[in-house]
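Trainee: Here you go, one structure.
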Amino acid sequence: MADDYPSLLRSEQMSLVQLFVPTEVAHDTVAELGELGNMQFKDLNPNVNPFQRSFVGEIRRIDEMARRVRFFSAQLAAEKDVVPIRPLYDSAPLITVGPRAAQTIDELDVTLTEHESRLVKMNESYQTLSTRTRELIEAKHVLRETAVFFDRAQGQQTDIRTSFDESSAPLLQHDDRENQFSSVGNVQFDLEFVTGTLDRARIPTFERVLWRVLRGNLYMNHTDIVEPFVDPATGSETRKNVFIIFAHGDALLAKIRKVAESMGATLYPIDANADKRAEALREVSVRLEDIETVLYNTGSNRRSEIVKIGESLRSWQDVVKKEKLIYETLNLFNYDVRRKTLIAEGWVPTRDITTIQVALRSATEESGTSVPPILHELRTSKTPPTYHRTNKFTEGFQTIMDSYGIAAYQEINPGLFAVVTFPFLFAIMFGDIGHGFIILFAALYMILAERKLAKQDLGEIVGQFFFGRYIILLMGAFSIYTGLMYNDIFSKSLHLWHSGWNFPGAEGVGSKIVGTIGSHRYPFGLDPGWHGADNNLVFVNSYKMKMSIVLGVIHMTFALCLQVPNHIKFKRPVDIYANFIPQIIFLMSIFGYLVITILYKWSVDWSQTDVKPPSLLVMLISMFLSPGTVEEPLYRGQGPIQVVLLLLAAVCEMKKIHDQGYVGLNHEGPRDSSDEALEGEEEGNGRAIAEAADEEHEEHDFGEVVIHQIIHTIEFCLGCISHTASYLRLWALSLAHAQLSEVLWSMTIEGFLNPAGVIGWIALIIISALWFVLTIFILCIMEGLSAFLHALRLHWVEANSKHFEGGGHAFTPLSFANAEFKE
Amino acid sequence: MASILPVFLVLVIVAALMTAAFLFVPKGPNHTVIRTGLMIALAACYLMWMVTYMAQLHPLVSPVITIKAED
């Protein structure tokens, strides 16, 4: 039996288990189960506020640690020189289970706190030092530039002095100030000044404001500081100017200072005395050197601290994440005060119960206690979660089918069949040997480099392609096969066998040759005689459209038949008679008949008969519009046969409505209604409703069921027609693909095929490269995605609507491997 | 060889292959997937080949080629 191994046909059998876990061993047990990834825990305290749960304290502590780890991670990411982070598989693991676990976590907490406080302090001091450095550099510039101003003014000094001497006697204040001045060449100013720096952009505004405020009683000069100031935090540059403003009087100076501060200038006190200025300059330079040394040392200390953090960052993140999950899970348990145990409930696959028991025992041994947790199976009527055990190959297929809806518990899993039908339907729309090879090789590369690529962070888009590498592999393989069928390799044909068509001799340019068929046929695929023919599309379209209908009807029939195992498994034999049989007869009597006529028409040699080959489309339409009368018969006795089929279809629909409603009320099985229905549809319907009148006390339910069943029936009938037509997209996309491929060839390489000379060859090479790039981007990637989408739609809508019930919830076990890695 | 015989011949061969796949796939964790995959692949490939072959058995149109200036 398939019980030995899990199968993808249905969900695994799940059991509800109860665990009795002694408190000492609780943490280690959950850690072990999390590593295993096999158990989905139920929340046993749904009404408890998250702040009132038992392990809230531990979670808060872990959250603090997580915050610190996030802070480190942000600091590392913000570093301009990339800090190497030791990856998880390379780091030494931190033991968080067993008797020393609590100690390890405490140590980790302390380490994280220490690192954080050190890092924060270093950041702060670095900031302060940077600001000081900037101020000192600005002061240096101010000193230098004002030296220039004063030197220039010195030249004009003598004029000013003479003017002063001529005027009234010097005031007493001037004498005082004169005594303070030393040596030759010194400047004596009556005007006082304000110096500082300001953003270059604001200087003109500053000048205008000052002019207006002081009514022109000022003299202002300013120069650029050549090097811009780089803000270490943001990296943005600011350009500043040094300005010096001369004015007379305290009130004016106060106004100037206020205006300067409001504009965001920094003011620096400068001495008028040149020697004092020189001394100040020296002092500033010395201080600047000191600060820069300190800054450099702080920077390198911080760097080494961060590098040390980078060594262990991943293992800290791992530990914090796991501990958080463990405590959150522990919060779901029920605490039994009397026996000092925690009770847990959860779903496990029945097959894995022994593995879990082994894990529980090993957890007890590790923690050193003697009381093991007890596992106990419960009986329940609740619906278990749906679990399809996949491996790396089937995972992709199951995921794309699960995107439509999770299968109900123990329902037939459409993902199993999609492993082959999905790539095959894709290939019908993509058929080209060359393009098939391209995507096959792309998939092969991804698969062979699997281990390496899985460790990298590939990004969203490439990651999606990598996730579906096995799907792409099969898509490529089947595309090569359908490419052989369509005889299309990069829009050319292969002549692997002798063509069945013979073309008589050519007459001249512009003449038309009609091929004649010989005695043998091209055995595998489309005859290459059609390649390049004027009416190529006439034949190929007819062939592909009919093929789409044939394959579509077969796919839908297959999907419909998948209902039967579901009905059997869920013990609903009524549904087989009331749903499945009418549906399949309806589908077969109309569209199965169409497929048979297609195949029959192909098998007849119409050149040997004297009847004109009838159009199948007209035949199908007139079968409905005027049943019984056939204008161009395809075969003998067509008229009555078609009437019979039509009646079968109608009967089945009536039977569906009648039976389901009837039987759904636990009557004694379905009455034989087929005789009555043949007399007329209205009567059959009327009979069912008349009977409803008798059952007054159940009238409400009966009405609902009947309405539900009518809707279901109409949906199925219309669905059959629309879905069959929908399969024509197989033709449409393959036509588009073939035409695109042909156009690409004829517009690029074809014109350059007879290269003349070196230039011709170079042109050919360049245009070939262009052709190849466009092939990959347009034909493989764009068309590939388009065909992928349509093949998926066919599975989701056309196939799944025939049997899929859905409504299951997915199995989400506690699994450390699958938990998101939040940075 | 313009007969319908190859269709039935290949059908027999493919049916035999499908039966072989059903019976002889070794039991293991991927038993169901391999078996189902092989059988559906064989059936699908046969169907497509059959349709292509039958469509060209007694064609109702013949290819028409226009002689071009070059060659």
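Trainee: For the protein assembly as shown, report the accessible area per residue in Å² (1.4 Å probe, heavy atoms, rounded to an integer).
Mentor: Ligands and nucleic acids excluded, the figure is 53 Å² per residue.
Trainee: Using 7 Å Cα-to-Cβ label points, what is the A:Phe503/A:Ile714 separation (nm, one decimal)?
Mentor: Label at A:Phe503, label at A:Ile714, 5.6 nm between them.
Trainee: A further question follows. For region A:318-357, which whole-number percentage of the solvent-accessible area (1.4 Å probe, protein heavy atoms only) is attributable to carbon and sulfur atoms? Each step should come with its number before you reach the end.
Mentor: Values: 860 of 1690 Å².
Carbon and sulfur atoms account for 51 percent of the accessible area of region A:318-357.
Trainee: Still on this structure, I have one more. Relative to the longest principal axis of chain A, what angle (0 to 90°, nearest 10) does the C-alpha long axis of helix A:536-561 take?
Mentor: 80 degrees
Trainee: Here's another thing I want to ask about it. How many nm separate the modelled label positions at A:Leu789 and A:Asp106, each set 7 Å beyond the Cα in the direction of the Cβ?
Mentor: 6.0 nm
Trainee: Considering only protein heavy atoms and a probe of 1.4 Å, how much of the accessible area of region A:747-823 is carbon and sulfur, as a whole percent?
Mentor: 72 percent
Trainee: Right, something else. To the nearest 20 debye, what is the magnitude of the charge dipole of region A:332-411 about its Cα centre, counting +1 on the Cβ of each Lys and Arg and -1 on the Cβ of each Asp and Glu?
Mentor: Here the size comes out at about 260 debye.
Trainee: A drop of at least 30 square angstrom in accessible area, chain alone versus all protein chains together, probe 1.4 Å. Which residues of region A:529-553 meet that?
Mentor: A:Trp530, A:Asp534, A:Asn535, A:Phe539, A:Tyr543, A:Met547, A:Leu551
Trainee: If you don't mind, there's one more thing I want to ask. Counting Lys and Arg as +1 and Asp and Glu as -1, each charge on the Cβ, what is the dipole of region A:709-823 about the Cα centre in debye, to the nearest 20? Before the final figure, lay out each step's value.
Mentor: Numbers: 4 positive and 8 negative charges, 14 e Å.
The dipole magnitude comes to about 60 debye.
Trainee: Here's a follow-up. Okay, helix-only estimate at 222 nm for the protein assembly as shown: each DSSP H run of n ≥ 4 adds -39500 (n - 2.57), divide by all residues, round to 500 deg cm²/dmol; what do you get?
Mentor: Working: 29 runs with 517 residues, N = 894.
Computed mean residue ellipticity for the protein assembly as shown: -19500 deg cm²/dmol.
Trainee: As a quick test, which of the pairs A:Lys308/A:Lys392; A:Lys392/A:Lys571; A:Lys544/A:Lys601; A:Lys42/A:Lys321 have an alpha carbon distance above 27 angstrom in this structure? Numbers along the way, then the final one.
Mentor: Numbers: A:Lys308/A:Lys392 37 Å; A:Lys392/A:Lys571 34 Å; A:Lys544/A:Lys601 15 Å; A:Lys42/A:Lys321 20 Å.
Listed pairs above 27 Å: A:Lys308/A:Lys392; A:Lys392/A:Lys571.
Trainee: Using the crude model of +1 on Lys and Arg Cβ and -1 on Asp and Glu Cβ, and no other charge, please compute the dipole size for the protein assembly as shown relative to its Cα centre, in debye to 20.
Mentor: So the dipole magnitude of the protein assembly as shown works out to roughly 1560 debye.
Trainee: Subtracting the Cα-Cα distance from 0.36 nm times the residue separation, let me have the gained length for A:Lys512 to A:Gln357 in nm, one decimal.
Mentor: Value of the extension gain: 47.7 nm.
Trainee: Moving to a separate point now. Using a 1.4 Å probe on the protein chains only, how many percent of the accessible area of region A:202-285 belongs to carbon and sulfur?
Mentor: Within region A:202-285, the accessible surface is 54 percent carbon and sulfur.
Trainee: Taking both sides together, what accessible area is buried at the B/A interface, probe 1.4 Å, expressed in Å² and rounded to the nearest 100?
Mentor: 4300 Å²
Trainee: Along the charge dipole of the protein assembly as shown, pointing to its positive end and built from +1/-1 on Cβ of Lys, Arg, Asp and Glu, which listed residue (B:Asn30, A:Pro614, A:Phe41) has its Cα farthest out?
Mentor: Farthest along the dipole direction, towards plus: B:Asn30.
Trainee: Follow-up. Multiply the residue gap between A:Val758 and A:Leu774 by 0.36 nm, knock off their C-alpha separation, and tell me the result in nm, one decimal place.
Mentor: Going from the current span to full extension adds 3.3 nm.
Trainee: Treating cross-link reach as a plain straight distance, find the lysines whose alpha-carbon is under 17 Å from the alpha-carbon of A:Lys140, omitting any fewer than eight places away in the same chain.
Mentor: A:Lys240, A:Lys276
Trainee: Could you tell me the calculated FRET efficiency between A:Ala78 and A:Leu458, based on Cβ-Cβ distance and R0 = 25 angstrom, to the nearest 0.05?
Mentor: About 0.60, to the nearest 0.05.
Trainee: If I fit a long axis through the Cα atoms of helix A:681-694 and take the longest principal axis of the Cα atoms of chain A, what angle between them do I get, 0 to 90°, rounded to 10?
Mentor: On a 0 to 90 degree scale, this one is about 80.
Trainee: May I pose another question? Can you work out the FRET efficiency for the pair B:Ala16 and A:Leu267, with r the C-beta to C-beta distance and R0 = 60 Å, to the nearest 0.05?
Mentor: On the way: r = 99 Å, r/R0 = 1.65.
Given R0 = 60 Å and the Cβ-Cβ separation, E is 0.05.
Trainee: Along the positive direction of the dipole of the protein assembly as shown (beta-carbon charges: Lys, Arg +1; Asp, Glu -1; about the Cα centre), which of A:Phe558, A:Ala477, A:Asn754 reaches farthest?
Mentor: A:Asn754
Trainee: How much length would be gained if the chain were fully extended between A:Glu377 and A:Glu135, taking 0.36 nm per residue of separation minus their Cα-Cα distance, in nm to one decimal? Present the calculation step by step, with values, prior to reporting the outcome.
Mentor: Working: separation 242, 0.36 × 242 = 87.12 nm, distance 7.41 nm.
Contour length minus the Cα-Cα distance gives 79.7 nm.
Trainee: Please give, to one decimal in nm, the separation of the simple spin-label points placed at A:Ile576 and A:Asp224, each 7 Å out from Cα toward the Cβ.
Mentor: In this crude spin-label approximation the distance works out to 9.2 nm.
Trainee: A further question on this structure: Excluding residues on the same chain fewer than 8 positions from A:Lys656, give the lysines whose Cα lies under 17 Å from its Cα.
Mentor: A:Lys802
Trainee: Hey, for a label at A:Thr128 modelled as a point 7 Å past Cα toward Cβ, could you say which residues of region A:250-290 have their backbone N under 19 Å away?
Mentor: So the set is A:287-290.
Trainee: Using alpha carbons only, how many degrees (0 to 90, rounded to 10) separate the axis of helix A:757-774 from the longest principal axis of chain A?
Mentor: The two axes meet at around 80 degrees.
Trainee: Still on this structure, I have one more. Mind checking which of A:Pro349, A:His388, A:Val371 is farthest towards the positive end of region A:318-412's charge dipole, using Cβ charges of +1 (Lys, Arg) and -1 (Asp, Glu) about the Cα centre?
Mentor: A:Val371
Trainee: Can you list the residues in region A:593-629 whose accessible area drops by at least 40 Å² when all protein chains are present, compared with the chain alone? Use a 1.4 Å probe, heavy atoms only.
Mentor: A:Leu599, A:Trp602, A:Ser603
Trainee: Report which residues of region A:1-34 become buried by 20 Å² or more of accessible surface when going from the isolated chain to the complete set of protein chains (1.4 Å probe; DNA, RNA and ligands ignored).
Mentor: Residues of region A:1-34 that lose at least 20 Å² of accessible area once the other chains are added: A:Tyr5, A:Pro6, A:Ser7.
Trainee: Turning to a different aspect of this structure: What does the convex hull of the Cα atoms of region A:698-823 come to per residue, in Å³, rounded to a whole number? Could the numbers behind the result be given before it?
Mentor: Working: hull volume 25.2 nm³, N = 126.
Convex hull of Cα atoms, per residue: 200 Å³.
Trainee: Could I ask something else about it? Give the accessible area for A:Glu377 in Å² (nearest 10); use a 1.4 Å probe, count only protein heavy atoms, and leave out ligands, DNA and RNA.
Mentor: Spelled out: A:Glu377, probe radius 1.4 Å, area about 110 Å².
Trainee: Let me ask you something else. I'd like the FRET efficiency for A:Ser746 and A:Leu16, computed as 1/(1 + (r/R0)^6) with the beta carbon distance as r and R0 of 56 Å, rounded to 0.05.
Mentor: Efficiency, rounded to the nearest 0.05: 0.30.
The values are calculated or read from the model by the stated rules, or taken from the named source; none is laboratory data. In this text the structure is predicted, and so the values were computed from the model without any measurement. Every residue, glycine as well, gets a Cβ built from its backbone with ideal geometry; the counts of neighbours run over all protein chains shown. We work out accessible area using only protein heavy atoms, side chains counted, and drop any ligands, DNA or RNA first. Shrake-Rupley method; radii C 1.70, N 1.55, O 1.52, S 1.80 Å.
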